[in-house]
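Shown next, in structure tokens, is the structure this report addresses.
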Amino acid sequence: MPAVLHATAGQVLSITLNRPETLNALTPDQRDEVVQLLSKASETAGVRAVVITGTGRGFCAGADLRGAAGTDERGVGDVARTLRTGAQRLIAAVLDCEKPVIAAVNGTAAGLGAHLALACDLVLAAESARFIEVFVRRGLVPDGGGAYLLPRLIGPQRAKELMFFGDALTATEAEHLGLVNRVIPDGDLARTTRSWAERLAAAPTRALALTKQLVNASLDTDRATAFAAEAAAQEINMTTADAQEGVRSFVERRKATYKGH
């Protein structure tokens, strides 16, 4: 079976990590395939929402570290270069995807796997899911954008607590902290995810892309820059057919039908 399953139905691209025997620990090849799928989703008119999930008991147990031992042969800059082209590139691909991305966290999300979920625009978690900042347990510094994502989601002190101790969070605890949008009974996760994805796929796609861009940039900009970006986004969006349909449907007192352009 392929290590990454993908299929598009109803304008929703589903990406499924498929190495359940390793709790879907990511190999470089898997990681690169996910990056390529997300990039292609941005440019494909027939894709208007993306779901990332896993098979078996794990969402993603992080990077597959088998074979990573034996650091004596590493040269200066090798580790940083590997991160830039690997884990960081994966997280950037999620953040930069022009379509809304839902994480359907079906089980353990650890290390890079946790950051993959948290980089998504919306996070649905099964009751059995766990989130673990596992790096400290291995004597490692968090990677995959963790020190960027977590403080923005829950503040620096909570982020440090998770990263310093590496304790597992239940799905409910993650929801209370604000890391998860909803906790879903395990048997209902797929159905709820499909419902959310279909709603996003029926929404004004370009408006969602611009909204995502504004929100993701907001914490790194001052007010004047944020307001200027908002005005520019409005200017761009008002040229779309969906924006015109939205205004027209309001005037005509009917439900809008968005085509994604």
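The values are calculated or read from the model by the stated rules, or taken from the named source; none is laboratory data. All of these numbers come straight from a predicted model, not from anything done at the bench. Neighbour counts run over all protein chains shown; Cβ positions are idealised from the backbone, glycine included. The accessibility values were calculated without ligands, DNA or RNA, using every heavy atom of the protein model including side chains. Shrake-Rupley method; radii C 1.70, N 1.55, O 1.52, S 1.80 Å.
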### Query
Can you give me the relative contact order of segment 185-261 as a percent, contacts being Cα pairs under 8 Å and 6 or more apart?
39
### Task
Report relative contact order for segment 1-45 in percent, whole number only (criteria: Cα-Cα under 8 Å, sequence separation at least 6).
30
### Leu5-Ser195 pseudo-label distance in nm [points 7 Å out on the Cα-to-Cβ vector]
2.2
#### Entry: Lys259 - accessible surface, heavy atoms, 1.4 Å probe, Å² rounded to 10
130
### Task
Using a 1.4 Å probe and counting only protein heavy atoms, arrange Phe59, Phe250 so the residue with the most accessible area comes first.
Phe250, Phe59
### Query
Over the heavy atoms of Asp64, what accessible area does a 1.4 Å probe trace out, to the nearest 10 Å²?
30
### Between helix 87-96 and the chain: long-axis angle, C-alpha atoms, 0 to 90°, nearest 10
10
#### Entry: Listed residues Ala125, Leu162, Thr85: farthest to the positive end of the dipole of the chain (Cβ charges)
Ala125
## Note on the structure
Inter-part gap, Cα centre of segment 97-158 to Cα centre of segment 38-53, in whole angstrom, is 20
### Query
With charges set only on the Cβ (+1 for Lys and Arg, -1 for Asp and Glu), what does the dipole of the chain come to about its Cα centre, in debye to the nearest 20?
500
## Note on the structure
antiparallel share of DSSP beta bridges within the chain, to nearest 5, in %, is 30
### Message
Tell me the accessible surface of Met163 in square angstrom (1.4 angstrom probe, heavy atoms of protein chains only), to the nearest ten.
### Response
30
### Query
Relative to the longest principal Cα axis of the chain, at what angle does helix 223-237 sit, 0 to 90 degrees, rounded to 10?
60
### Task
Taking all protein chains together and a probe of 1.4 Å, list Arg194, Arg19 from the most accessible to the least accessible.
Arg194, Arg19
#### Entry: Lys, Arg +1 and Asp, Glu -1 on Cβ, resulting dipole of segment 34-140 about Cα centre, debye, nearest 20
120
### Task
Can you spot the lysines whose alpha carbon is less than 21 Å from Lys259's alpha carbon? Ignore those fewer than 8 places along the same chain.
Lys40, Lys99, Lys212
### Summary
Relative contact order in percent for the chain (Cα pairs under 8 Å, 6+ apart) equals 17
### Task
Tell me what the chain gives for mean residue ellipticity at 222 nm when only DSSP H runs of n ≥ 4 count, each as -39,500 (n - 2.57), the sum divided by the residue total, rounded to 500 deg cm²/dmol.
-14000 deg cm²/dmol
### Farthest positive-ward along the chain dipole, Cα basis, beta-carbon charges - from Gln11, Leu37, Ala25
Gln11
### Summary
Taking a probe of 1.4 Å and leaving out DNA, RNA and ligands, segment 59-182 shows per residue an accessible area in Å² of 48
